[in-house]
Amino acid sequence: MLSTMMRTPLTLSHLLERAGRLFPTSEIVTRMPDRSLHRYTYADFYRRARALAEALQKAGMQPGDRVATLSWNTSAHLEAYFGIPVAGGVLHTLNLRLHPTDIAYIINHAEDRFLIVDDVLIKLYEAIKDHINIEKVIVVPLTGQPVPEGLTSYEDFLATATGDFSYPELPEDTAMGMCYTSGTTGKPKGVLYSHRSMVLHSLGSALPDALNLAQSDVLTPVVPMFHVMAWGLPFTGIMVGCTIAMPGPHLDAVNLLDLYESEQVTKTAGVPTIWMGVLQALQKEPTRWKLLPMEMVVGGAAAPEAMIRAYDTFNLKVVHAWGMTEMSPLGTVSRIKHNLADSDPDTLYALRACQGMPMPLVEVRAMNEHGEAPWDGHTMGELEVRGPWVAQSYFNLESERDKWSADGWFRTGDVVTISSEGFVKITDRTKDLIKSGGEWISSLDLENLLMGHPAVREAAVIAVTHPRWDERPLAAIVLKEGATVTTEELRSYLEPKVAKFWIPDAFVFVDEIPRTSTGKFLKMQLRDKFKDWHWE
Ligand code: ADP
């Protein structure tokens, strides 16, 4: 029997309207390239996002046209986040840290028609312009410098709007945005999010046991808006009506801490590399910044337990989350369940260092050669997920169909255990697992333990071919400034913590661990570097 309920489409225009009507005085702050702070209100944002929507339509944007952005986290980018999709376009955020050849490949694959680019990134545009076919390039004048000839100033473009924009009626499954994976494990692949998936993702993300966002919060998304929609935070933030303070191009620790202090930030989100830097700055000058107790969501790569512990001493709470481009991106968040709240501190920290419990509407299972692994906290399997904000295919790419199981679950490529309480713990990516003498070794566990050693700043563990054991772990170690440690000391440090055969046979001291554009260890490069390693 059908219900008697209305079926209004879940589209972003509802979020934008709500923001404009209910929270006109909420503030949006951007750190500009010259470090000054630009401020305006939701009322301004609402007006300008709608002006952008109208201007795009006037410029000939058709439903489904891709509008690319090459921008930092700024208020203009936020306008694009809403203005493009509410006009029926597809917001395509480009990762400015990728190699120009890859950016051009992605633009061409997506068939982008318009491009909005920050003036501070014009050089990057110039490096790709001969390899792409963009009809109109709109430049956001962040520095006040004149816009290069032949290109349109964003302000002039907005001025073409009259203010009488009306939302086109969009079915909720209409594509609203697209992101390409950063290609850590192969060629970038495009994912197309729908209005519906993004609205549901925003509702789910705002929940207290997820990102815990309310209109009274001050939110700083450090995770770039060019990387998986800044984990959906621009949409979630605008939906709840909170103050949003954005770092612009200034992602270094001091600028971030200054922003947290001046704007009294309560919620922030970023990758572990960024939080490592912020932690070092805090440890160096513990009394310099007066911060409110703040929740710092960390994801994109595993958060070392030692980091979570260290932040607690500053009254800053690290919340570990896991996600993927294919998942909009949030999948799991680690919050302590009420029935576990009385556990001893070490157990609580171990739980917080897990990737966490699946969000409502997200289903998880771990699959191995025997079928679905039991939720026992130690049987490993590849994590598969299903839910309304999980992709069911890539954009224009048939070759990757095997990323989905026959019964429609998405294969994440992450190897996990799931505990009886439903906590997902990533042990590795399938490609990074180490198989020694027929037994699996988790490189992530080893890395996290090693990063708990007082002398170690960073550790990446990789599999290297071994004549007897097939593979053995090799640990690449970056020491903290001025610290020293011997291989023997690292071995004895690990001994009481892991099975004997897990202990790496080799420790190599390096200046830095190669990283991807989104801050993940580039293990491919490390494996390549050490592939001819001679075991003693
Ligand atoms: P790419 O696949 O190109 O690296 P994504 O940014 O979508 O692009 O990365 C998703 C992957 O990042 C996950 O499959 C997982 O391996 C890793 N990841 C994300 N969050 C975490 C986390 N909290 N802990 C460990 N790994 C994580």
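Considering only Cα-Cα distances, which of the following residue pairs are longer than 31 Å: 497/529; 187/267; 284/529; 317/497?
Long pairs (Cα-Cα over 31 Å): 187/267; 284/529.
How are the alpha carbon pair distances in the stretch 431-529 distributed across 5 Å bins from zero to the largest one, expressed in percent?
Percent of pairs per bin, in order: 2, 13, 26, 26, 19, 10, 3, 0.
Would you kindly find the accessible area of residue 512, with a 1.4 Å probe and non-protein molecules such as ligands, DNA and RNA excluded, rounding to the nearest 10 Å²?
Counting only protein heavy atoms, residue 512 exposes about 140 Å² to solvent.
If you build the Cα gyration tensor of the stretch 1-105 and take the root of 5 times each eigenvalue, what three semi-axes come out, in whole angstrom, biggest first? Don't jump to the answer; show the numbers that get you there.
Values: eigenvalues 146, 94, 35 Å².
Rounded to whole Å, the semi-axes are 27, 22, 13.
Got a sec? What order do 189, 425 fall in by accessible area at 1.4 Å, biggest, i.e. largest, first?
425, 189
Put 149, 27, 295 in order of accessible area, largest first, 1.4 Å probe: what do you get? Please list the in-between numbers first.
On the way: 149 185, 27 65, 295 25 Å².
Ranked from most to least accessible, the order is 149, 27, 295.
Could you state the angle between the C-alpha long axis of helix 100-110 and the longest principal axis of the C-alpha atoms of the chain, as a value from 0 to 90 degrees rounded to the nearest 10?
The two axes meet at around 60 degrees.
What is the Cα convex hull volume of the stretch 340-431 when expressed per residue in Å³?
113
Compute, for residue 507, the solvent-accessible surface of its heavy atoms (probe 1.4 Å) with the complete set of protein chains present, and express it in square angstrom to the nearest 10.
Only protein atoms counted, so the area is about 20 Å².
Need the C-alpha centroid separation for the stretch 293-350 versus the stretch 193-215, integer Å.
For the stretch 293-350 versus the stretch 193-215, the Cα centre distance is 18 Å.
Can you tell me the 0 to 90 degree angle between the C-alpha axis of helix 195-206 and the longest principal axis of the chain, rounded to 10?
Taking Cα atoms only, the helix is inclined about 60 degrees.
Rounded to the nearest 10 Å², what accessible area does residue 131 show when all protein chains are kept and the probe is 1.4 Å?
120
Carbon and sulfur: what percent of the chain's accessible surface (1.4 Å probe)?
Working: 11850 of 22770 Å².
Ligands and nucleic acids excluded, carbon and sulfur reach 52 percent.
Going by average Cβ density within 10 Å per residue, which order do the peptides 517-523, 227-233, 35-41 take, highest to lowest? Provide the component values of the computation, followed by the final result.
On the way: 517-523: 20.1, 227-233: 26.3, 35-41: 13.4.
Top to bottom by mean Cβ count within 10 Å: 227-233, 517-523, 35-41.
Compute log10 of I(q)/I(0) for the stretch 70-186 with the Debye formula, placing one identical point scatterer on every Cα and leaving out solvent, at q = 0.10, 0.12, 0.23, 0.24 Å⁻¹, to two decimals.
Taken in order of the listed q values, log10 I(q)/I(0) reads -0.32, -0.46, -1.52, -1.60.
Which order do 338, 109 take by accessible area at a 1.4 Å probe, largest first?
338, 109
Which of the lysines could be linked to residue 189 by a straight reach, that is with a Cα gap under 19 Å, when you skip same-chain ones fewer than 8 residues away?
Once the sequence-local lysines are set aside, what remains near residue 189 is 403, 431, 520.
With the alpha-carbon atoms as the only input, what is the per residue convex hull volume for the chain in Å³?
Dividing the Cα hull volume of the chain by its residue count gives 171 Å³.
The values are calculated or read from the model by the stated rules, or taken from the named source; none is laboratory data. None of the values given here were measured: they were computed from a predicted structure. Counting neighbours? That spans all protein chains shown, and the Cβs are built from the backbone with ideal geometry, glycine included. Please note that ligands, DNA and RNA were not included when accessible areas were found on the heavy atoms of the full protein model with its side chains. Shrake-Rupley method; radii C 1.70, N 1.55, O 1.52, S 1.80 Å.
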